[in-house]
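A.B. asks: Please find one structure pasted underneath; my questions will follow.
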Amino acid sequence: MRMIKRLERSPTLILAVITAGFIIFGYSTSILKITDFIIFCIYVLGYDLLYGHMGRLSFGHMLYLGAGAYGTALCAKYLSSNVFLAILCGILFGAAIGGILGPILIRTKGACFALLNLAFNQVGHFLVLVPLAKITGGEDGISLHFTGYRFLDFSNIHQLFFLSLISLILVAFLIIKFTHSPYGILLKGIKENETRVNFLGYNTYRYKLITFVLSTTIAAFAGALTTLNYNYANPSFIDPHRSVEVIFATLMGGAGSVLGAVIGGAAFMTISNYLPRYILRWEMFLGLALLIIAFKFRKGIWGYIREI
Amino acid sequence: MADTILLAKGVTKRFDGLTAVHNVTYEVKAGETAGIIGPNGAGKSTFFNLLTGFFIPDEGQIFYLGEEITRTPSYERVNRGIVRTFQLVSVFDTMTVLENMMLSRIRQGRDYRSKRRFFFKSVYHPDLVDECLQALDTLGIADKADIKTSDLSYGEKRELEIVIALSLNPKVLLLDEPFAGLSPIEIGHISRVVQQLSGKFAILIVEHKISKLVELVERLCVLNEGTLVCSGTPGKVICDPQVRECYWGKEETA
């Protein structure tokens, strides 16, 4: 118990545990697979900022991951072969989509916010599949070959693993900083009672927009790394049906904490990658697990460990 | 007009055909402690919400220090000095008492106006913690700083809400039914706090417990069915036959 409290209070310890955990996990299983896990955890961290910290549940967050993935792929294909420029393009594209949709979306909350996100996600998915198929490659997507940058070679799975891990640590560090700052307390306040925060003199609209754009930017970063990891971008990266994955991971790990998000992301990816080997219809298990979490472990795995 | 700090001029608010506040003109003078009473459903809270920007009036205007603020958002009004408490105590239950305090102090603290500090520096800065503890101590709840707010009694939450309101540097403090749900001891405590604050800035109290309000305010108004019925010193108002009929008359005969 004391160890858990100590871990929670020390950002350095949290980041060290995440780093060590993924290195051990990666080198004892499959580096390629764990790179995928790490990227998904970045996505979950971005989503958790919106849902876990600010209390806004979105059913369409794949749109922003897809924006990052396609932004990177399109930049690499049509503009520049520089990997970092392509990643930056993907991130900026996700941030721009968040910046454009944010002012509309954050005026709503609850079911309306969740469903509007889903609606925009479906529009984005359709745009990629049909009207923009000439640029995006439609159902086939865009295939790429990332060569590397100077001494970096991204066809080397170890280098890609460490690039993803450094990215995860950076995002986790940023979120720890945010949540321990006055801004973090403000988010907590908005989650509990937005009107009250308004009557403390805060323009909640501004902070909700900042949080939304930050969340979409982090999701886009995860999307950019996904393209780099797979060497392609296809419509499954923006598929609204997959938006449930990040919600599931957040709930599973425990919303509102960096460790919860990372544990949830890793647990979800473990289930979805390894369970199909033993159970053909593994999605049913996922549904059952969600039911158990909803009824028995409402604060998720990390929430449960904290309360032991 | 010179010492009028807050003025509502002919404000009306309707909800689906029901007129909650009808053509009310009311002013709060700098430094005075005034009260508004009225039976349930008289429109007191709606009027409060109009003054603080929670609702926008359908008709009429609101002025603050001579400047029109009818459509000014609530957070902007707070930053200019119009601070309120709520009928149902409104503090953040998921936070500790100290965190509740911090959230209000940060807004006013000069140091946190820098974006770098607001987004990246730890909120537990020794100066800020000291400042918050001192503020909590004014109402004797500093020893509860690390307690989750949900574990406080209703009266303690009310005290915390008032400390928070005071930390926002009010020029006009609007207290919405500050005695609702409190025990007689707690009411006495809050009354003493209000008496100590009288004269430092304008205070407007909306209350149901008339006996308590009479002791606290210099000027009393009665709102009934959304209309201002009577205004004057507390002694004059409670003797007004119209007030007796619309307020106590109904209560006593019931």
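A.B. asks: Taking segment A:211-237, which residues are within 29 Å of A:ILE190 (Cα to Cα) and open to solvent by less than 30 Å² (accessible area, probe 1.4 Å)?
C.D. replies: Once the filter is applied, which keeps residues that are within 29 Å of A:ILE190 (Cα to Cα) and open to solvent by less than 30 Å² (accessible area, probe 1.4 Å), segment A:211-237 yields A:THR211, A:PHE212, A:SER215, A:THR216, A:ILE218, A:ALA219, A:ALA220, A:ALA222, A:GLY223.
Here is a yes/no grid of residues against (1) open to solvent by less than 100 Å² (accessible area, probe 1.4 Å); (2) without any contact (Cβ under 8 Å) to a residue 40 or more places away in the chain; (3) of a type in the set (D, E, K, R); (4) over 15 Å from A:ILE247 (Cα atoms):
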site: A:ALA267; (1), (2), (3), (4): yes, yes, no, no
site: A:LEU275; (1), (2), (3), (4): yes, yes, no, yes
site: A:LEU291; (1), (2), (3), (4): yes, yes, no, no
site: A:ARG298; (1), (2), (3), (4): no, yes, yes, no
site: A:GLU307; (1), (2), (3), (4): no, yes, yes, yes
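A.B. asks: Ok, one more. Exactly one condition in (1) more than 13 Å from chain A (Cβ to nearest Cβ); (2) surrounded by fewer than 18 Cβ atoms within 10 Å (Cβ to Cβ); (3) out of contact with any Gly (no Cβ under 7 Å at 6 or more places or on another chain) is not met by B:TYR154; state its number.
C.D. replies: Result: B:TYR154 passes all but (3).
A.B. asks: May I pose another question? Identify, please: which residue in segment B:157-170 is more than 26 Å from B:VAL214 (Cβ to Cβ) and crowded, with 18+ Cβ neighbours inside 10 Å and is, among those, farthest from the other protein chains (Cβ to nearest Cβ)?
C.D. replies: B:LEU160
A.B. asks: Only one residue in B:GLU161, B:GLU156, B:GLU215 is among the acidic types (Asp, Glu), assigned to a helix (DSSP H, G or I) and more than 28 Å from B:THR94 (Cβ to Cβ), so which one is that?
C.D. replies: Criteria check complete, one pass: B:GLU215.
Rundown of residues vs (1) touching a residue at least 60 places away in the same chain (Cβ under 8 Å); (2) surrounded by 17 or more Cβ atoms within 10 Å (Cβ to Cβ); (3) in a helix (DSSP H, G or I), yes/no style:
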| position | (1), (2), (3) |
| --- | --- |
| A:ALA86 | yes, yes, yes |
| A:GLY90 | yes, yes, yes |
| A:ILE97 | yes, yes, yes |
| A:ILE104 | no, no, yes |
| A:ARG107 | yes, no, no |
| A:LEU115 | no, no, yes |
| A:ALA119 | no, no, yes |
| A:GLY124 | yes, yes, yes |
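A.B. asks: While we're here: For segment B:205-227, give me each residue that is open to solvent by 40 Å² or more (accessible area, probe 1.4 Å) and under 19 Å from the mean Cα position of the chain (by Cα).
C.D. replies: Result: B:HIS208, B:LYS209, B:SER211, B:LYS212, B:VAL214, B:GLU215, B:GLU218, B:ARG219.
A.B. asks: Would you please name the residue that is nearest to A:VAL262 (Cα to Cα), looking only at residues in segment A:11-67 that are open to solvent by less than 30 Å² (accessible area, probe 1.4 Å) and small (Gly, Ala, Ser)?
C.D. replies: This residue is A:GLY46.
A.B. asks: Does segment A:162-177 hold any residues that are open to solvent by less than 30 Å² (accessible area, probe 1.4 Å) and within 10 Å of another protein chain (Cβ to nearest Cβ), and which are they?
C.D. replies: none
A.B. asks: Going through segment B:171-186 one residue at a time, which ones are open to solvent by 10 Å² or more (accessible area, probe 1.4 Å), within 19 Å of B:LEU88 (Cβ to Cβ) and among the hydrophobic types (A, V, I, L, M, F, W, C)?
C.D. replies: B:ALA180, B:LEU182
A.B. asks: Ok, one more. Out of curiosity, is B:VAL129 more than 10 Å from chain A (Cβ to nearest Cβ), surrounded by 15 or more Cβ atoms within 10 Å (Cβ to Cβ) and not in a helix (DSSP H, G or I)?
C.D. replies: no
A.B. asks: Right, here's the next one. Give the residues of segment A:178-207 that are touching a residue at least 60 places away in the same chain (Cβ under 8 Å), open to solvent by 30 Å² or more (accessible area, probe 1.4 Å) and within 7 Å of chain B (Cβ to nearest Cβ), sorted by residue number.
C.D. replies: Scanning segment A:178-207 gives A:HIS180, A:LYS188, A:GLU192.
A.B. asks: Considering each residue of segment B:1-40, count those that are over 20 Å from the mean Cα position of the chain (by Cα) and aliphatic (A, V, I, L, M), and give that number.
C.D. replies: 3
A.B. asks: Quick check: anything in segment A:32-50 at pLDDT below 95, part of a helix (DSSP H, G or I) and more than 20 Å from A:TYR183 (Cβ to Cβ)?
C.D. replies: yes
A.B. asks: Looking at the structure I just gave you, is A:ILE263 farther than 28 Å from A:HIS125 by Cβ, away from chain B (no Cβ under 14 Å) and without any contact (Cβ under 8 Å) to a residue 60 or more places away in the chain?
C.D. replies: Considered against the rule, which asks whether it is farther than 28 Å from A:HIS125 by Cβ, away from chain B (no Cβ under 14 Å) and without any contact (Cβ under 8 Å) to a residue 60 or more places away in the chain, A:ILE263 comes out as yes.
The values are calculated or read from the model by the stated rules, or taken from the named source; none is laboratory data. Source: prediction; values computed, not measured. When we count neighbours, we look across all protein chains shown, and the Cβ atoms used for this are built from the backbone with ideal geometry, even at glycine. These accessible areas exclude ligands, DNA and RNA; they are computed on the full protein's heavy atoms, side chains included. Shrake-Rupley method; radii C 1.70, N 1.55, O 1.52, S 1.80 Å.
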